[in-house]
Every structure is written in C-alpha cells, then in structure tokens.
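See structure below.
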Amino acid sequence: MREPKLIDYTLLVILALIWASAFFNIKIATYSYGPITIAFLRVFFGAIPVLLLCTYKKIKIEAFSKDWYWFAMIGFINLVAPFFLIAYGVKSVQSNLAAILMSTTPLSSTILGHFFTKHEKFNFIKTFGILIGFAGIIYLFSDDLLINNSNFISALLILLGSTCYVIGGVLTLKISKKKNENVTGSILIWAIIILIPLVSFFEKPWTLNPSIESTISVIYLGVVSTGLAWLLRFRILKNNGLIFQSQVSYLIPIFGIILSYVFLEEMITSKIIISLIAVLVGLYFVKKADLKKDYAKKN
C-alpha cells in the first residue's frame with residue numbers, strides 16, 4: 001500500500017459525503033415509495049455502474065457459478081435486509097438518527113470478528129472503545145424528543161440493519177479470494193432476483209404515483225450511494241488498504257447530521273451531539289487498537 005496522498009484523503013471525504021447523503025435521501029424516498037420498493041430500486045440502479053465496470057474490465061460475474069448460494073445469501077443479508085430495514089425505520093425517525101445508528105457498524109464488526117475470525121480478538125483498548133460507543137447509542141435512545149413509544153421499534157430496526165451489514169461482511173470472507181467487483185456485481189444480481197417477487201407481491205410499485213423529488217432521491221440512492229460508492233470504495237481499498245478506508249466511519253455520522261439539518265431541517269438535540277461524540281470516541285479506540293496490531297505485525 002502506498003502512503004496516502006491528498007487525492008486519497010479527498011476521495012475518502014467524497015465517499016463519506018456520498019454515504020452520509022443516503023440517509024436524508026432515504027427519508028425523501030419514503031414520502032412516495034415503500035421500503036421494499038426503495039430496496040429494489042437501490043439494488044437495481046446500483047447494479048448498473050458495477051456491471052458496466054465489470055464488462056469494461058472483462059471481469060467475469062460468477063453469480064450463477066458453483067458458489068451461487070454464497071452470493072445469494074450475502075445478497076440477502078448485506079443488501080436486501082439492511083436496505084429494507086433502514087428504509088422502514090427512517091419512515092418514523094429522523095434521518096440523522098439513522099446516520100448515528102449506522103455508524104456503530106465498525107463496533108458491531110469488532111464484536112462479531114472476535115467470535116468468528118481467528119485474528120480479530122478483543123483486547124482492553126477495543127473493549128473500552130466498544131463500551132463507550134454503545135453507551136452513546138443507549139444514551140441516544142433516552143432522547144424522548146426523538147425516540148419514543150411510537151418509533152422505538154423503528155430505531156431498533158435501523159440498528160438491526162447495521163448489524164446485517166456486519167454479518168454480510170463476515171460471510172463475504174468465505175469468498176474473499178474473488179475480485180471485489182465480481183462479488184459486488186454478483187450479490188447485486190441476487191438481491192434483484194430476491195426482491196422482484198417481494199416488491200411485486202407486497203407493494204406493486206407500478207400502481208404508485210411518486211413525486212419527482214422522491215424519484216430523484218431513489219435513483220440517487222441506487223446509482224450514487226450504492227453503485228458509484230462501492231466502486232470508489234474499491235479504489236480506496238486497493239490503493240490504501242482497509243484501515244485507511246475505515247476512517248470513513250468517523251465522517252459519515254458528522255456529515256449525516258449536517259446534511260439532514262441543511263436539506264430537511266431536522267432537529268439536533270444535545271443528546272444527539274453527546275451520543276455522536278461517544279460513538280466517535282469509541283470508534284477511535286477500536287481503530288487505535290487495530291493500528292497498534294498492524295504496526296506490531298510490520299515490526
């Protein structure tokens with residue numbers, strides 16, 4: 001891996017902005033579309049740039065190879081389930097809350113990594129970071145202005161959606177030797193296949209009369225926040241590695257809160273700020289432990 005340059009940090013900020021912008025766009029999309037339709041359109045439009053790149057680079061898509069069941073399983077857990085759960089949850093809570101709840105993904109992955117991988121075990125620093133981060137989330141749930149009896153389950157579903165991303169990431173280790181573009185293209189194809197009967201039976205989107213605003217948002221979610229964001233992530237991972245790319249976790253909730261305030265005028269309470277700080281501090285300690293381990297390996 002080369003030393004990060006200005007362009008690398010710029011791309012990292014752009015990736016954070018793209019992923020952070022997804023939350024307020026999901027909120028806008030829910031004004032006209034149901035959560036299954038949003039999930040379907042996200043994977044449909046998201047597949048376009050990924051499959052075009054695979055065609056251009058002549059990368060074979062193995063969606064229907066002997067490993068098809070892995071792609072199908074990961075497509076459901078890593079795309080279908082979280083896209084649906086987040087869209088369903090954001091209907092009832094502010095999108096800035098979703099940005100904070102989703103920022104717990106690295107904390108959850110650290111917990112699952114301890115139990116399901118050989119080299120990602122807990123140490124004092126990681127444990128301390130996890131406890132601080134999740135303490136911030138628990139504190140966020142005490143904000144009665146934003147989370148109450150009417151939307152408590154919705155907030156939990158968003159948190160469950162973030163956990164699905166982590167489980168999907170662990171499963172992806174089973175096919176980690178395959179090219180990233182191939183894996184992403186294959187799981188997108190399977191996500192589309194899974195969602196077609198679901199969206200047709202439950203929501204019948206062809207009967208909708210959506211607003212232009214919601215339609216633009218859902219197309220943006222697919223093409224930019226799903227397709228282009230994944231391709232940008234590939235570039236950063238290839239040039240700078242996972243630890244550098246994981247720094248995007250610090251920026252997403254910050255940008256998510258700012259963008260939600262600018263575009264939707266969503267409320268920012270003192271508990272949101274305190275929870276955000278706790279999550280960021282927790283992430284810092286978890287990443288610090290990873291950096292120490294990486295340094296020890298090199299030396």
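Every number in this text was worked out from the coordinates using simple rules, so none of it is lab data. Fair warning: this is a prediction, and the values are worked out from it, not measured in the lab. Neighbour counts run over all protein chains shown; Cβ positions are idealised from the backbone, glycine included.
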Relative contact order in percent for the chain (Cα pairs under 8 Å, 6+ apart) equals 42 percent
Row for segment 120-252, column shape: gyration tensor on C-alpha, a ≥ b ≥ c, rounded if a/c < 1.5 i.e. under 1.5, prolate if a/b over b/c, else oblate; value oblate
The pairs in LYS66/LYS174; LYS174/LYS288; LYS66/LYS177; LYS66/LYS121; LYS60/LYS178 lying past 20 Å Cα-Cα in this model are LYS174/LYS288; LYS66/LYS121
Measuring from its Cα centre, the chain shows a charge dipole (+1 at each Lys and Arg Cβ, -1 at each Asp and Glu Cβ) which, in debye to the nearest 20, is 1380 debye
The chain, Gaussian network, Cα under 10 Å: of VAL223, VAL166, VAL262, the residue fluctuating most is VAL262
In vacuo Debye sum over C-alpha of the chain, base-10 log of normalised intensity I(q)/I(0) at q = 0.07 Å⁻¹, listed in q order, is -0.25
When all Cα-Cα pair distances of segment 199-299 are considered, the percent exceeding 21 Å is 58 percent
Reduced to Cα centres, the span from segment 154-193 to segment 63-104 in Å works out to 7 Å
Of every Cα-Cα pair in segment 1-140, the percentage lying beyond 26 Å is 45 percent
When all Cα-Cα pair distances of segment 168-245 are considered, the percent exceeding 18 Å is 58 percent
In whole percents, the bins of 5 Å from zero upward hold the Cα-Cα pairs of segment 21-60 as 6, 21, 21, 19, 12, 10, 9, 3
From DSSP H assignment alone, runs of 4+ in the chain each adding -39500 (n - 2.57), the sum over residues rounded to the nearest 500 puts [θ] at 222 nm at -24000 deg cm²/dmol
Connecting every pair of Cα atoms under 10 Å apart in the chain and solving the GNM, the largest mean-square fluctuation among ASN149, ASN180, ASN240 falls on ASN149
Taking a crude spin-label model, label points 7 Å out from Cα along the C-beta direction, the ILE254 to ASN239 distance in nm is 2.1 nm
